[in-house]
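A quick write-up on the structure given underneath.
The values are calculated or read from the model by the stated rules, or taken from the named source; none is laboratory data. Because the structure is a prediction, the values reported are computed rather than measured. So basically every Cβ, Gly included, is an ideal-geometry build from the backbone, and we count neighbours across all protein chains shown. To get the accessible areas, we keep the full protein, side chains included, count just its heavy atoms, and leave off ligands, DNA and RNA. Shrake-Rupley method; radii C 1.70, N 1.55, O 1.52, S 1.80 Å.
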Amino acid sequence: MIRRIIEIDKEKCNGFGLCANACHEGAIGMVDGKATLLRDDYCDGLGDCLPVCPTGAITFVEREAAAYDEAAVQANMAEK
């Protein structure tokens, strides 16, 4: 399905991790010192991560992505 989802520019990412902390769904994690979208189906497309990124590395794109899976997000958050 085509939907709105975040995209992270690794070149602009400074690795602070503010976006990962702001993502209530756990869609963003830090991998090798850079923010990474871990799973498309965890991203709800609301963009709480955008305003906290100091470098503007996160934007919205419309692309083929798995549908947001609230049950999977809740299960993942319960495991943490």
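Brief remarks on what is shown
- Positions within region 62-80 being in a helix (DSSP H, G or I) and surrounded by 15 or more Cβ atoms within 10 Å (Cβ to Cβ), in sequence order: Ala72, Val73, Asn76
- Residue within region 60-73 that is within 17 Å of Glu11 (Cβ to Cβ), of a type outside the set (Phe, Trp, Tyr) and within 14 Å of the chain's Cα centre (by Cα) present: yes
For every residue, the table says whether it meets (1) in contact with a Ser or Thr (Cβ under 6 Å, 6 or more places away or on another chain); (2) open to solvent by less than 20 Å² (accessible area, probe 1.4 Å); (3) not in a strand (DSSP E or B).
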position	(1), (2), (3)
Cys13	no, yes, yes
Ala20	no, no, yes
Met30	no, no, no
Ala35	no, yes, no
Gly45	no, yes, yes
Pro51	no, no, yes
Pro54	no, no, yes
